[in-house]
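Okay, so here's the structure we're looking at.
The values are calculated or read from the model by the stated rules, or taken from the named source; none is laboratory data. Owing to the predicted nature of the structure, the values given are computational and were not obtained by experimental measurement. As a convention, Cβ positions derive from the backbone with ideal geometry for all residues, glycine included, and neighbour counts pool all protein chains shown.
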Amino acid sequence: MKADLHNHSYYSDGVLSPTEVVQLASQAKCDLFSLTDHDTTDGIAEAQLEANKLNLNLVNGVEISAFWRNMAIHILGLGIDINNDVLQTGLEHNQKLRKERAEKIALSLWRSGIKDALEKTQSFSKTDMLTRTHFAQMLISEGYCKDMKAVFRRYLTGKKPGGVSVEWKGFDEVVHWIHAAGGKALIAHPLRYRMTNTKIKKLLIDFEGELGDGIEVVTGTSTEVEVKLSNQWAKDYNLLASCGSDFHGWPNQRVRIGNLRDLPDPEKAIWRYL
Ligand code: AMP
Ligand code: MN
Ligand code: MN
Ligand code: MN
């Protein structure tokens, strides 16, 4: 079973169209694939059309920004009904927060001498969704930084120019949107937050049981040790396991679709329960 259940298109901060992303999944011989754009399901109709053509099994997905305590985390919704009103109302709320944040980022950049950031950044997005990645691309192209890592460090985070915090909805509410739409809710890339392992375990304790369904045990950049650790957490907190590359299609990214380490416990794989 080759599954890749976490991928982005240009409907959020990926660079490829849903059609192109599905084509890559098919070329990589994925049996199961999910498009999980940030806070939108708008790319799924196009992905489904291409998946039908190529006979690829597509799982409807989304990656939703949420708050746990006062920290931003990402919750994956897999196997969702994209026509569900509760889910779409929630996603519209997040899209509104993103619009407001984009304006605040532009204002903050303007104060440090970077003019017309909103207009310039818009030209890097194929839709009206503006993510920090789009601002990052603009800042690199304008010569302020040389790569993504540097641009996020020097801009767009914390108290740096362009650093603007957003008050996302609490993760319990976000899980409710996903469950209302018949989907499974999973903590995305648990090892990529700026949290100690002790903190992550607290997050998982709050998530297990009534609330959440799973965690991403394997992502595109996971080492063997990281897979082992996340899998242990899945076991400890009785959560299902998922795997997804978090592919964005950025030119210098090494991550490729369908090129993932195996799940240590395939019988606990999320796709058995979708
Ligand atoms: P946003 O959801 O608009 O806050 O943007 C977050 C996205 O920016 C993430 O999903 C990543 O794709 C990207 N990102 C965040 N931090 C970094 C980083 N340090 N280096 C590269 N990309 C990052
Ligand atoms: Mn992203
Ligand atoms: Mn994420
Ligand atoms: Mn992602």
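Among the numbered conditions (1) among the charged types (D, E, K, R); (2) more than 18 Å from residue 78 (Cα to Cα); (3) without any contact (Cβ under 8 Å) to a residue 24 or more places away in the chain, the only one that residue 267 does not meet is (2).
Of the helices (runs of 4 or more DSSP H) lying entirely inside the range 131-190, the ones with 1 or more residues being under 30 Å from residue 273 (Cα atoms) and within 16 Å of ligand 3 (Cβ to nearest atom) are found at 171-180.
With respect to the stated conditions, residue 224 fails to be under 18 Å from the mean Cα position of the chain (by Cα), at pLDDT 95 or above and farther than 16 Å from residue 34 by Cα.
In the condition set (1) modelled with pLDDT of 95 or more; (2) out of contact with any strand residue (DSSP E or B) (no Cβ under 8 Å at 6 or more places or on another chain); (3) more than 21 Å from residue 255 (Cα to Cα), residue 68 is compliant with all but (2).
Would you please name the residue that is farthest from residue 177 (Cα to Cα), looking only at residues in the range 18-44 that are away from ligand 2 (no atom under 16 Å from the Cβ) and polar (S, T, N, Q)?
Across the range 18-44, the extreme among qualifying residues is 27.
Looking across 233, 177, one residue alone is among the aromatic types (Phe, Trp, Tyr) and surrounded by 23 or more Cβ atoms within 10 Å (Cβ to Cβ). It is 177.
Beta carbons closer than 9 Å, at least 6 apart along the sequence or on distinct chains, pair a first residue in the range 4-19 that is within 19 Å of residue 274 (Cβ to Cβ) and more than 14 Å from ligand 3 (Cβ to nearest atom) with a second that is in a helix (DSSP H, G or I) and modelled with pLDDT of 95 or more for 4/25.
Scan the range 62-115 for residues that are within 16 Å of ligand 2 (Cβ to nearest atom), over 19 Å from residue 6 (Cβ atoms) and touching an Asp or Glu at 6+ places or on another chain (Cβ under 8 Å) and jot them down. Full working, then the answer.
Step one: filter the range 62-115 for residues within 16 Å of ligand 2 (Cβ to nearest atom), giving 62-66, 72-77, 91, 94-95, 97-98, 101-102, 105.
Checking which are over 19 Å from residue 6 (Cβ atoms) leaves us with 95, 97-98, 101-102, 105.
Within the range 62-115, 95, 97, 98 meet the criteria.
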